[in-house]
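Working notes, beginning with the structure itself.
Here, each number is a calculation from the coordinates, and none is a lab measurement. The structure displayed is predicted, hence computed values, not measured ones. Glycine also receives a Cβ, built like all others from the backbone with ideal geometry; neighbour counts cover every protein chain displayed.
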Amino acid sequence: MGIDAATLLGELSATRSVSGSELAQRLGVTRAAVWKQIEALRALGAPIAAQAGAGYRLDWPFEALDAARIRAALPAALRRRLGAVDVHWQLDSTNTALLRAASEGAADLSVCLAESQRAGRGRRGRSWLSPLGGNVYFSLLKRFAHGMGALSGLSLVAGIAAIQALGDVGVPGLGLKWPNDVLADGRKLAGILVELGGEFLGPCHAVIGIGINLRLPHDAGIDQPYVDVATLCDPPSRNRLVAQLIARLETALQRFAAEGFVPFAADYAQHDLLRGHPVSVRDAAGSRDGIAAGVDARGALLVRHGGASVAYDSAEVSVRRA
């Protein structure tokens, strides 16, 4: 008989080691079956340490994502408006799964979460490392009556909401790197990926994906400066953090649907890490250096090249400190 991976992970502790024979007895399987599933969990990135003669122990406490706990942490009025909250052990990606659900009629404000992802994605098709055991992989569906042209600046609004939610649970010192990165001390803490569907002229929908590094292994193998919440402060409950993400996003998206990006410009300016700094802007035409000058009323990046100011849309460019 096989072992359910989530059940086995729930039997492990960060405070004491447990032997393979004890796990086998608890779960009614062989020690070989325990070992095989432990190795599979470790291959997914689960923080399981093994010590000869002592057994298995978690490097940090594991709190499983729980749809009921997330809903219970939300205001009653928001619980009534919320669509499904689906928690998965593993997916290709939460955005991909929710885009599929949206095309099949999923309700507004549906949420998709995963403990791990096989094919997590960032902006411009980049992969997003998605180990098992402590990060947040989250997507939310928002339906709009109007067309896609009115959604300029949506990723910036999602970034503001993410910073607010992280602040609600005690994560300090965060800023935004246009168009979709949350940084702390110049290192990436979270990323945002907005993908659209529906009719160009409306109605349409957006799937807003947010990946947050809560706890990452020291040898994560990420090819850019990164940080996790555990480095900045005591990590909060993942379920509480997800509830705050939902609450902050829902409030922001209601206003964005009615008024666009303009009401968020001041909040974005408060968190803008690029403004006033030299940047290198790369697009299909090549690379140009300039000085970042904030964003315009649509959320496009403004860059001064000599005496001229140019607006760059997020679909066209990548931006890095020069």
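Structure notes:
- Across the chain, the longest run free of exposed loop sites, meaning GluC sites (Glu not before Pro) lying outside DSSP classes H, G, I, E and B with no more than 14 other Cβ atoms within 10 Å, spans 200-315.
- Charge dipole (the range 53-168, unit charges on Cβ, about Cα centre) - positive-most of LEU65, SER155, GLN117: SER155
- Net charge dipole, the range 42-113: roughly 220 debye, given to the nearest 20, about the Cα centre with Cβ charges of +1 for Lys and Arg and -1 for Asp and Glu.
- Estimated dipole of the range 12-80 in Debye, rounded to 20 [Cβ of Lys and Arg +1, of Asp and Glu -1, Cα centre]: 260
- Rounded to the nearest 20 debye, dipole of the chain from Cβ charges on Lys, Arg, Asp, Glu: 100
- For the chain, the longest principal axis of the alpha carbon atoms and the long axis of helix 94-103 meet at an angle near 70°.
- Rounded tilt (10° steps) of 238-259 against the dominant C-alpha axis of the chain: 20
- Neighbour counting of Cβ atoms within 10 Å sorts the residues CYS204, CYS112, fewest neighbours leading, into CYS204, CYS112.
- Residues of type aspartates and glutamates that LYS188 reaches as a straight line, Cα spacing below 15 Å, ignoring anything fewer than 8 places off in the same chain: ASP223, ASP228, ASP272
- When the convex hull of its Cα atoms is projected in every direction, mean area for the range 5-58 (nm²): 3.2
- Highest-MSF residue in the chain out of GLY175, GLY159, GLY307 [GNM, Cα springs under 10 Å]: GLY307
- Share antiparallel - DSSP beta bridges, the range 67-269, percent rounded to 5: 80
- The angle between the Cα long axis of helix 154-168 and the longest principal axis of the Cα atoms of the chain comes to about 50 degrees, rounded to the nearest 10.
- Structure-derived Cα extents along the principal axes in Å - corresponding label in [x] 72, 43, 34; [y] 61, 50, 37; [z] 61, 46, 37: [x]
- Candidates ILE246, GLY134, THR96 compared by Cα position along the dipole of the range 67-269: farthest toward the positive end lies ILE246, with charges placed on Cβ.
- Among ALA46, ALA102, ALA230, residue whose mean-square fluctuation peaks in a GNM of the chain (springs only between Cα atoms under 10 Å): ALA230
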